[in-house]
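**Q** Sharing a structure, written as structure tokens. Questions coming.
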Amino acid sequence: MPVNETFKPTIVAFCCNWCSYAGADLSGTNRLQYPANVKIIRIPCSCRLNPMFILRAFQRGADGVILCGCHPGDCHYTTGNYYARRRMTLLFSLLDYMGIERGRTRVEWVSAAEGAKFAATMNDFTETIIKLGPNRRLEDLRCKTE
Amino acid sequence: MQDRVMEKAAALLESGVCTRVLGWKTGEFFYDVTPAVFTSAEEVRTQMVYNPFCGPNLSKYLIAESRKEGKIAVFLKPCDTFSFVQLQKEHRIARDKVYAVGVQCDGMIDMDSLKALGLRGVTAAREVGDNLIVSTLYGEKTVPRREALSLRCRVCKSKRLNDCDEIIGEQGGDLPSDRFAQVEALEAMTPEERFAFWRSELSKCIRCNACRNVCPACSCEKCVFDNPGSGVRNKAAADSFEENLFHIIRAFHVAGRCTDCGECSRVCPQGIPLHLLNRKLIKDMNQLYGPYQAGADFDSKPPMLAFTPEDPEASIITNGRDGQ
Ligand code: SF4
Ligand code: SF4
Ligand code: FES
């Protein structure tokens with residue numbers, strides 16, 4: 001697949017307040033580079049992520065959606081991320097079944113100490129989305145600005 | 001069977017076991033059987049029917065009916081009893097207000113199957129042994145009963161009558177069913193083909209909400225699709241995104257609670273195979289989190305309300321189970 005050099009994908013990263021959001025912060029204070037088009041949305045816990053939020057993100061122009069939360073066993077609310085893990089696995093499988101490219105969604109566990117992992121994850125995810133190209137299968141033309 | 005069901009209904013009302021009976025009556029056409037509540041033996045004798053077109057699952061009506069004064073008797077087919085148990089598990093039905101009569105089922109017949117057999121102008125159908133004698137405007141035809149079965153009944157998962165106070169006919173058991181065959185066929189396609197398949201199906205949706213309204217699992221007091229803030233309340237989908245949104249969310253909301261009763265596909269006026277979405281979720285949950293059948297018992301834990309620390313990561317999907 002030809003890689004479009006000028007394509008700058010919009011990435012929405014849902015980050016749980018207690019680990020991944022702090023991890024993103026750390027990556028910033030450490031001046032680690034990750035693409036500016038990663039839009040971080042803070043959620044109280046990874047299990048707050050309603051599947052509707054993911055679809056809405058795609059509707060409003062996201063090319064990729066990633067969920068970041070505390071490592072399994074480390075959730076601030078003890079078990080939230082275990083439920084999130086089941087939900088996301090099932091949802092991603094359903095999206096794949098409906099023909100949505102499976103690389104467009106991802107879950108990654110990032111702790112508050114893993115600033116470097118946060119930046120690396122965002123860089124890697126952005127690469128994947130650039131290869132996949134713009135989101136066409138879950139787009140809403142009414143929400144396109146250009 | 002018709003006689004035994006009606007006698008039972010009349011007897012339950014006359015003896016005062018219940019004050020109302022939830023059953024079926026004929027609608028506009030003979031095959032268009034509709035749920036109905038009867039309050040007297042007289043009504044039962046004149047209006048109630050039980051025939052192979054009694055597909056509608058009555059369990060959902062018990063949510064509202066079991067909150068009313070007095071006891072209600074209900075007739076349930078095996079698949080309906082799965083919904084009955086599932087709704088009790090979700091604390092939606094007041095069990096002590098319900099007298100459940102299980103009815104042995106040999107599979108329901110539907111008009112789509114008769115049409116698929118090339119029958120037109122059907123005016124009546126009666127069972128004789130393993131055959132169905134269908135009267136049409138063009139004369140009588142005999143077809144094997146199993147060829148007239150509705151699609152969902154051909155892959156029936158269980159003839160077991162769960163949690164009934166009484167049974168008419170015989171208790172049945174779980175059946176080997178290849179209900180996931182179509183799901184597997186879709187899984188074997190390329191993402192592009194799957195996308196094209198679902199576009200061609202879901203673009204037919206007129207958002208009548210029938211699939212949601214009929215579904216026993218879709219019984220929330222407030223539905224996201226009735227929320228004015230959702231932007232998709234009571235309206236036809238404006239574009240492909242809204243079609244996908246509705247169907248992904250509808251199917252996902254019943255994950256782990258869908259008993260695979262098949263009502264959603266039955267009522268869809270557009271013939272969208274909604275069961276293929278539900279069954280995909282059921283198949284995935286069985287594979288990932290262990291076998292589970294919603295509504296089969298009172299004790300097992302629904303997979304979406306449980307977890308184990310060893311659950312697979314979502315990357316098994318996003319990286320491709322086949323290593324793609
Ligand atoms: S019943 Fe069919 S047409 Fe109606 S909302 Fe459901 S899928 Fe759409
Ligand atoms: S989603 Fe369809 S098959 Fe599942 S419980 Fe609801 S109506 Fe029945
Ligand atoms: S608080 Fe971070 S995943 Fe629950």
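**Q** Taking R0 as 51 Å, what's the FRET efficiency between B:GLU28 and A:TYR77 from their Cβ-Cβ distance, rounded to 0.05?
**A** Result of the calculation: an efficiency of 0.45.
**Q** Go ahead and set up a Gaussian network model of chain A, Cα springs under 10 Å, then flag whichever of A:TYR21, A:TYR34, A:TYR83 fluctuates most.
**A** Between A:TYR21, A:TYR34, A:TYR83, it is A:TYR83 that shows the largest mean-square fluctuation.
**Q** Taking a ≥ b ≥ c as the square roots of the eigenvalues of the Cα gyration tensor of the range B:178-324, is the shape rounded (a/c under 1.5), prolate (a/b larger than b/c) or oblate?
**A** In terms of gyration-tensor shape, oblate.
**Q** What fraction of the DSSP beta bridges in the range B:1-141 is antiparallel, stated in percent and rounded to the nearest 5?
**A** 70 percent
**Q** Let me ask you something else. To the nearest 20 debye, what charge dipole does the range A:62-141 have about its Cα centre, counting +1 at the Cβ of each Lys and Arg and -1 at the Cβ of each Asp and Glu?
**A** Here the range A:62-141 has a charge dipole of around 240 debye.
**Q** Would you be so kind as to identify which of A:TYR97, B:SER203, B:LEU305 lies farthest towards the positive end of the dipole of the protein assembly as shown, taking Lys and Arg as +1 and Asp and Glu as -1 on Cβ and the Cα centre as origin?
**A** B:SER203
**Q** For chain A, modelled as a Gaussian network with Cα springs under 10 Å, which listed residue fluctuates most, A:GLY69, A:GLY23, A:GLY80?
**A** Result for chain A, Cα springs under 10 Å: A:GLY80 fluctuates most.
**Q** Moving to a separate point now. Quick check: the angle from helix B:275-289's long axis to the longest principal axis of chain B, C-alpha only, nearest 10 degrees?
**A** Between the helix axis and the principal axis of chain B, the angle is about 60 degrees.
**Q** Oh, and also: In the range B:123-219, what GluC sites (Glu not before Pro) fall in a loop by DSSP, with at most 14 other Cβ atoms inside 10 Å?
**A** Those satisfying the criteria are B:GLU170.
**Q** As a quick test, which of the pairs A:LYS8/B:LYS280; B:LYS97/B:LYS280; B:LYS25/B:LYS71; A:LYS8/B:LYS235 have an alpha carbon distance above 32 angstrom in this structure?
**A** Long pairs (Cα-Cα over 32 Å): A:LYS8/B:LYS280; B:LYS97/B:LYS280; A:LYS8/B:LYS235.
**Q** Could you tell me which of rounded, prolate or oblate describes chain B, using a ≥ b ≥ c as the square roots of the eigenvalues of the alpha-carbon gyration tensor, with rounded for a/c under 1.5 and, failing that, prolate when a/b is larger than b/c and oblate otherwise?
**A** It comes out prolate by the Cα gyration axes.
**Q** Same structure, new question: Quick one: Cα centre-to-centre distance for the range B:35-90 and the range A:1-78, in angstrom?
**A** 48 Å
**Q** If you don't mind, another one. Looking at chain B only, what percent of DSSP beta bridges run antiparallel? Nearest 5 please.
**A** 65 percent
**Q** Pairs of Cα atoms under 8 Å, at least six residues apart: use those to get the relative contact order of chain B, whole percent.
**A** 15 percent
**Q** Does anyone have the angle between helix A:20-29 and the longest principal axis of chain A? Alpha-carbon axes, 0 to 90°, nearest 10?
**A** With both axes taken from Cα atoms, the answer is about 80 degrees.
**Q** Here's a follow-up. Classify the range A:22-146: rounded, prolate or oblate, from the alpha-carbon gyration tensor (a ≥ b ≥ c, eigenvalue square roots; a/c under 1.5 rounded; otherwise prolate if a/b is larger than b/c)?
**A** oblate
**Q** For the protein assembly as shown, what is the charge dipole size about the Cα centre, in debye to the nearest 20, if Lys and Arg each add +1 at the Cβ and Asp and Glu each add -1 at the Cβ?
**A** It works out to roughly 880 debye.
**Q** Follow-up question, since we're still on this one. To the nearest 20 Debye, how big is the dipole of the range A:11-135 about its Cα centre, given +1 on the beta carbon of each Lys and Arg and -1 on that of each Asp and Glu?
**A** 300 debye
**Q** Residue farthest toward the positive end of the dipole of chain A, with Cβ of Lys/Arg at +1 and Asp/Glu at -1: which of A:ILE54, A:GLY23, A:ILE40?
**A** After comparing all options, I get A:ILE54.
**Q** So, in Å, what gap is there between the alpha-carbon centers of the range B:242-277 and the range B:102-143?
**A** Computed from Cα coordinates, the inter-centre distance equals 27 Å.
**Q** Of the candidates B:PHE307, B:PHE180, B:PHE225, which one comes out as most mobile in a Gaussian network treatment of chain B with C-alpha springs shorter than 10 Å?
**A** B:PHE307
**Q** Under a cut-off of 16 Å between alpha-carbon atoms, report the lysines in cross-link reach of B:LYS283, not counting same-chain residues fewer than 8 places apart.
**A** Cross-link targets: B:LYS157.
**Q** Just tell me which aspartates and glutamates come within less than 15 Å, Cα to Cα, of B:LYS8; anything on the same chain fewer than 8 places away is out.
**A** Within the straight-line cut-off, B:LYS8 pairs with B:GLU42, B:GLU43, B:ASP165, B:GLU166.
Throughout, read-outs are computed from the coordinates displayed, never taken from laboratory work. Here the structure is a predicted model, which is why all the values come from computation and not from measurement. Every residue, glycine as well, gets a Cβ built from its backbone with ideal geometry; the counts of neighbours run over all protein chains shown.
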